[in-house]
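The values are calculated or read from the model by the stated rules, or taken from the named source; none is laboratory data. Everything quoted here is computed from the prediction, not taken from an experiment. Cβ coordinates were reconstructed from backbone atoms using ideal geometry, including for glycine residues, and neighbour counts include every protein chain displayed. What goes into the accessible areas is simple: the full protein's heavy atoms, side chains included, and nothing from ligands, DNA or RNA. Shrake-Rupley method; radii C 1.70, N 1.55, O 1.52, S 1.80 Å.
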Amino acid sequence: MPKGKWVIWFREPAKRWEEALPVGNGRLGAMVFGGITRERIQVNEDSLWTGCPFEREKPEAWRFLLEARKLLFNGKYAEAEKLITEKVMGIRLPRGVHTYQTLGDIEIAFSVEPSRVMGYERSLDLDEGIVKVKYCADDTYFYREVFSSAVDQVLVIRLEASKPLPSFSVRLKRDESSESIVIPPNTLTMRGKAICPCHKAGVRFESWLRIVTDGTVTSEENALVVMKAKNATLLLAAATDYWGDDPSGRCRYWIENASMKPYEELKMAHLKAHRELFRRVDIDLGGNPRLRDLPTDERLERIKGGEEDLHLIALYFQFGRYLLISSSRPGSMPANLQGLWADGFDPPWNADYHMNINLQMNYWPAEVCNLSECHQPLFEFLDALRERGRKTARRVYNCRGFVAHHTSDAWYFTSPIGQPVWGMWAMGAAWLCLHLWEHFLFTGDKGFLLEKAYPIMREAVEFLLCYLVEDPRTGYLVTGPSNSPENHFKTKDGAIASLSMGPTMDLEITHELFSAFIEANRIIQINDGLVELVKRALGRLAPLKIGSDGRLLEWPEEFEEPEPGHRHMSHLFGLHPGRHISPLRTPQLADAALRSLKHRITHGGGSTGWSRAWIVNFFARLFDGDEAYRHILELLRHFTLPNLLDLHPPGIFQIDGNLGGCAGIAEMLLQSHDGAIHLLPALPRAWKNGYVKGLRARGGFIVDIRWRDSELEEAVIYSTIGGTCRVRASVPLVVEGSEARPAKGPCPNSLLKPVPPPKFVTLKHVELKRSRGRNFLEVDFETEPGGRYIVRHAKPQGSPQ
C-alpha cells in the first residue's frame, strides 16, 4: 500500500531503544517499540529529575580573577589555568547525581504466541503525530495506535483487532523504589521518587493508567488483565511535584477527564492541535516518490551506499519539526540533550542543558520553521536562570547582572563547574538572550520585547559590561579568563592550555548582544542610561583577527591547535548563528571563516551529528548549496540512526543534530538575517525542482517559494505586520500585490491556487550586489498588514516558461 508523504516506517519491531519511535506533547513522551507478543512503551515526564538546588561556587572566587588576567595577558597560560582550576571552578557532580530519568515502562503482554505473523508494519506518521503498529497473526488483523495528547495531557494507546483480542496484561514498571497499586476495577498507579544511589534528593512522581474497553478487566499481582475485548484504550497520565503541584491530584484530574471521552474524540482533538503546528510548513525537493514505499531503514542504507533520495531529506526536515513540536510546548521544560526521550536512570551527560551550543541548536528551527510557540519553554528557562545567575555574577566575578556558563539543569545552576576547558565560559546566558531578540525579529511582537525580552537582555548586558576589561597591549576591551568552548591550544613553550583573554566567540556573542540591546532600546524607546555605556563599549570591542594563513583566529594569538579537527567551531559563531560575518558585507572575514571551516573539516571536524549539522548551516550562509547538501548526506550516512534520530558517537542519541540539520535545510532555502529576505541563497544543483511553503522570515513575513530548473520561479510573501520588505535573489524580479488576508499563519497550498488579479508594486529601491562569484538583485517595497505579494522571476520575453 502506498505510504503517506510524511511517514517513517519499518517491517519489524524495534530491537533496542534507539530504534523505537517517539511521540510527545512537550511534557509527556514515549518511545514505542511495536512488539507483537510483548509491547514495551518507555515513558518520560519532562520534570522527572533527581537532585535539588545547591550552591556550587567557591567563596570569593572573584578575588583571584585579577591575578589570572595578569597571568594571561603576560602569556603565562598554564599558571593562569592552574589558578582558575583551584580557586574559581565550582563543584561538578558525577554523572547520574543530578539527572533526568525515565518515568518507566508500560508493558503489554499478550497471552498467546502467534504461530505465523504476516504484513507487519510499524510507523510514525509525522502529519498525525501517531505511531501505528499493524500485522496479521493467525488470521486476525491487529492494529495499534499511540499518541501523546497536548489537549488532554495523556498518553493514549489504542488496541484493536478484527476478532476478539487474546487476553493481555498491562503493567507499569520502573525499579524497586517505586510502588504499583491497582485501583479496581480498571486503574493502575505507580508512585515514587527520582533518586540516585548516592543521595535521596529528587522530585516525587506519580503515574495513573486506566483501561477503557468493551471487554472485562481484572487485576493480578500489580497488573491489569483484559479479556474478551475487541478493542481497548489505555490512558496514561503522569506528573511530578517539580512545579509545586500534587502529582496524584493532577493525574486523577487528567485521567478522569480523558476517560469520559470516546477514543475518536481524543484522537480528533489531538490531530487538530498537532496539525495546527505541523501543517504550517510543506516542502518538496523532488526525487522519486515511489521510494516512500520502502522502509525508512532501507532508504537510509541506500543513501549510505551512494544513492539519492531527495524525499528522505525532506522527511528528515519535517522530522526535525516534529521533534521540536513533540518536545517543547508552552508550559513544558525546554528540550534537553535528548529532547524529551531518555531511557534509564543516568542518560548521557544527564540529558541536561548544555549552553555552549547544544541547547541553542535545539531551537534554531523554531522561528524560521514556523514553530514560534515552541520557543517559549526556552524563554521561561532563561528567565528562571536569572535568580541563580545574579548570585553567580556576584560571587565569581563581583559583577552586576546575571551570568550562566556552559551547562545547567532543572535546578537552574549557573556556576562555572568542572575543568576550565568546559566550564570557564561565561557566555551561556548572553547567547540565549539572542534567542529572545530573534523571536522579536521574526514576529515583531513589541509587547514581548518590552515586557519579556528587554529586561532579561538588560541584565545579561549589565554583566558583560562589568566582565569586559581593557587589554593593556591594545587598549581594546576583551572578555576573560575564558575558553573557546571545549577546545585547547598549544602555547609557544609547548604547553597545552584552554584559557585566554578575548577568544573570538566571546567577542562575537558580545557584539551581537550589545547591538541587539541598542536596537531593542531604540524600538521600545525607554530612557535607559545603560545604552550609552553599551555603545561606548561596543566601539572598543577587540576586532576579529585573520591569521597568517588566511584563517579566522579562534584565540587572540595565532596558536597551534592540538586537535585541528575539533568538533566545536566556536570562532565561526559570527557566520552562524550570528550575523557579524557576511559574504556580502564582510567578504574578507567570510573568506577567512571559509578557510577555517575547510581546515577543520580536512582534519576530521564534524565528527558528531550536531557538529555536522552546524557545518550545513555554515555553508548555507556562505551561499554554497552543493557543499551544504554534501554535508546533509554526511549527516544521514554517518550520524543518523535507522529511525532518523541523531547519532552522537559512540551510538548515543542526541537531539541537537536533528534540529540543527532541520534548520540547515531551511537556511539553504531562505535567509533573512542579513538585511533582506534572501530567496534560495544556497540551492544545491541536486534540488532541481521543488517548493517550500510556510517558512518565516524576519520582519513578520511568511514565505512560500517555488523553483524550477534550479532557478526561482515564484515566491509568495505574506506580511503579518506591514512595513518595508526587501527581497534578494539571484535572478531578475518583478513584484505584484494581491488581496489582503488574515495575518495568522501561512496560506495552505498558496502556490497551487489561482492568484486574484494582481497589481504591480512600486519598488522603492533596486540594487545589484555581487558575492562569491554570484550576482544578487535586491528590491524594496512597502507592505500592508495581511498583504499578499508575489515575487516572480522576470524572465525575458520569449524565454521558456
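Summary of values
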{"item": "Residue within the stretch 598-616 that is under 24 Å from Asp343 (Cα atoms), touching a Lys or Arg at 6+ places or on another chain (Cβ under 6 Å) and among the hydrophobic types (A, V, I, L, M, F, W, C) present", "result": "no"}
{"item": "Candidate set: the stretch 344-372, residues that are open to solvent by 10 Å² or more (accessible area, probe 1.4 Å) and among the aromatic types (Phe, Trp, Tyr); chosen: the one nearest to the chain's Cα centre (by Cα)", "result": "Trp364"}
{"item": "Hey, Ala628 crowded, with 24+ Cβ neighbours inside 10 Å, out of contact with any Asp or Glu (no Cβ under 6 Å at 6 or more places or on another chain), of a type in the set (Gly, Ala, Ser) and in contact (Cβ under 8 Å) with a residue 24 or more places away in the chain or not", "result": "yes"}
{"item": "Residue in the stretch 128-139 that is under 30 Å from His354 (Cβ atoms) and modelled with pLDDT of 95 or more present", "result": "yes"}
{"item": "Single residue of the stretch 712-742 satisfying the filter (in contact with a Pro (Cβ under 7 Å, 6 or more places away or on another chain) and open to solvent by 50 Å² or more (accessible area, probe 1.4 Å)) that is modelled with the lowest pLDDT", "result": "Glu739"}
{"item": "Of residues in the stretch 478-515 being among the charged types (D, E, K, R) and more than 19 Å from Arg540 (Cβ to Cβ), the one most open to solvent (accessible area, probe 1.4 Å)", "result": "Lys492"}
{"item": "In the stretch 289-313, the residues that are under 17 Å from Leu633 (Cα atoms) and open to solvent by 20 Å² or more (accessible area, probe 1.4 Å)", "result": "Asp297, Glu298, Glu301, Arg302, Lys304, Gly305, Gly306, Glu307, Glu308"}
{"item": "Of residues in the stretch 418-454 being more than 24 Å from the chain's Cα centre (by Cα) and outside any loop (DSSP other than H, G, I, E, B), the one surrounded by the most Cβ atoms within 10 Å (Cβ to Cβ)", "result": "Pro420"}
{"item": "Residue list for the stretch 179-191, restricted to those being open to solvent by 20 Å² or more (accessible area, probe 1.4 Å) and under 32 Å from the mean Cα position of the chain (by Cα)", "result": "Arg191"}
{"item": "Hey, Arg280 over 26 Å from the mean Cα position of the chain (by Cα) and either surrounded by 18 or more Cβ atoms within 10 Å (Cβ to Cβ) or closer than 22 Å to Leu103 by Cβ (or both) or not", "result": "no"}
{"item": "Selection count where residues are open to solvent by 10 Å² or more (accessible area, probe 1.4 Å) and of a type in the set (A, V, I, L, M, F, W, C), scope the stretch 227-276", "result": "8"}
{"item": "Unmet criterion (only one of (1) assigned to a helix (DSSP H, G or I); (2) within 25 Å of Arg394 (Cβ to Cβ); (3) of a type outside the set (A, V, I, L, M, F, W, C); (4) more than 24 Å from the chain's Cα centre (by Cα)) for Thr510", "result": "(4)"}
{"item": "Filtered residues of the stretch 383-410 (kept if open to solvent by less than 40 Å² (accessible area, probe 1.4 Å) and either assigned to a loop (DSSP other than H, G, I, E, B) or at positive phi (or both))", "result": "Cys399, Gly401, Phe402, Val403, Ala404, His405, His406, Asp409, Ala410"}
{"item": "Conditions (1) open to solvent by 10 Å² or more (accessible area, probe 1.4 Å); (2) farther than 30 Å from Cys52 by Cβ; number of the one not met by Gln318", "result": "(1)"}
{"item": "In the stretch 644-673, residue surrounded by the most Cβ atoms within 10 Å (Cβ to Cβ) [restricted to those that are touching a Pro at 6+ places or on another chain (Cβ under 9 Å) and assigned to a loop (DSSP other than H, G, I, E, B)]", "result": "Gln654"}
{"item": "Residue list for the stretch 146-164, restricted to those being open to solvent by 10 Å² or more (accessible area, probe 1.4 Å) and more than 25 Å from the chain's Cα centre (by Cα)", "result": "Arg158, Glu160, Ala161, Ser162, Lys163, Pro164"}
{"item": "Members of the stretch 598-629 that are out of contact with any Leu (no Cβ under 7 Å at 6 or more places or on another chain) and in a loop (DSSP other than H, G, I, E, B)", "result": "His603, Gly604, Gly605, Gly606, Ser607, Thr608, Phe623, Asp624"}
{"item": "Among the candidates Arg122, Arg171, Arg158, Arg144, residue that is in contact with a helix residue (DSSP H, G or I) (Cβ under 8 Å, 6 or more places away or on another chain) and not in a loop (DSSP other than H, G, I, E, B)", "result": "Arg158"}
{"item": "Flag for His375 being assigned to a helix (DSSP H, G or I), out of contact with any strand residue (DSSP E or B) (no Cβ under 6 Å at 6 or more places or on another chain), touching a residue at least 40 places away in the same chain (Cβ under 8 Å) and surrounded by fewer than 22 Cβ atoms within 10 Å (Cβ to Cβ)", "result": "no"}
